[in-house]
Amino acid sequence: PVFDPFSIKPFTVVYLPYRFEDDHQLSKYFVVLGHRTSGFEETHAICLKATSQVAGYENNREKMQGCVYYKKGTVECFPVTTVIQPDNQVAISHKVLADAYFDGSLDCMNLPPDFESLLKAAIANSVTMDNRKKKRLLTLLATPIQ
């Protein structure tokens, strides 16, 4: 079978094993925003990390306004209450996505249609991103695939 990581559309949730620096590999949820090719012809998906560690958001109104928040049971793809943080971007190599696809550990799910507007509001209201980062992220959303 052929798998093209570019076929993963913006605002798709991907669940796959991922290793952050100096950490062991764990399956995590990410929201794909778009795809980019580096100067070395390496392709990757630009993603936002989703987290179930929500206490720091639920207890801080300002931080909560700068994220997309889904209570448990409101969105099919997240089994627990989840926060999507626009200031927590991760570039996931297309090779990592393809490896997960071929070993059967990649799961792709759709977010509700209003996710894009919720994300744009979260970016605008973020207290953790400066205006330059906000503008760069909004530009990525306007041109998701290159």
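For the chain, the direction-averaged projected area of the alpha-carbon convex hull comes to 9.4 nm².
Tell me the relative contact order for the chain as a rounded percent, counting alpha carbon contacts under 8 Å between residues six or more apart. It comes to 29 percent, rounded to a whole number. Remark on the stretch 9-61: ratio of C-alpha radius of gyration to 2.2 N^0.38 Å is 1.39.
The angle between the Cα long axis of helix 131-142 and the main principal axis of the chain comes to about 50°, on a 0 to 90 degree scale.
Ordering THR43, THR128 by accessible surface, largest first, gives THR128, THR43; the 1.4 Å probe counts only protein heavy atoms, with every chain in place. Using the Cβ-Cβ distance between GLU76 and GLU42 with R0 = 41 Å, the FRET efficiency computed as 1/(1 + (r/R0)^6) comes to roughly 0.80.
Less than 5 angstrom separates the built amide H of GLY34 from those of ILE46, all sequence-distant by 5 or more or on a different chain.
Note on LYS28: lysines with a C-alpha under 17 Å away, same-chain residues under 8 apart excluded, are LYS49, LYS72, LYS95.
Axis of helix 115-125 versus longest Cα principal axis of the chain: the two differ by about 50°, to the nearest ten degrees.
Springs between Cα atoms under 10 Å define the GNM used for the chain, and in it the highest mean-square fluctuation of GLN25, GLN85, GLN65 occurs at GLN25. Along each principal axis, taking the top coordinate minus the bottom one, the Cα set of the stretch 41-123 gives 40, 28, 24 Å in descending order. Excluding ligands, DNA and RNA, the accessible surface per residue across the chain is 58 Å² with a 1.4 Å probe. In a DSSP loop and with at most 11 other Cβ atoms within 10 Å, the chymotrypsin sites (Phe, Trp or Tyr not before Pro) in the stretch 15-81 are PHE20, PHE40. Only helices enter this figure: runs of n ≥ 4 DSSP H residues, each worth -39500 (n - 2.57), summed and divided by the residues of the chain, yield -7500 deg cm²/dmol at 222 nm to the nearest 500.
The values are calculated or read from the model by the stated rules, or taken from the named source; none is laboratory data. What you see is a predicted model, and the numbers here were worked out from it, not measured in a lab. FYI the Cβ positions are ideal-geometry reconstructions off the backbone, even for glycines, and counts take in every protein chain you see. Please note that ligands, DNA and RNA were not included when accessible areas were found on the heavy atoms of the full protein model with its side chains. Shrake-Rupley method; radii C 1.70, N 1.55, O 1.52, S 1.80 Å.
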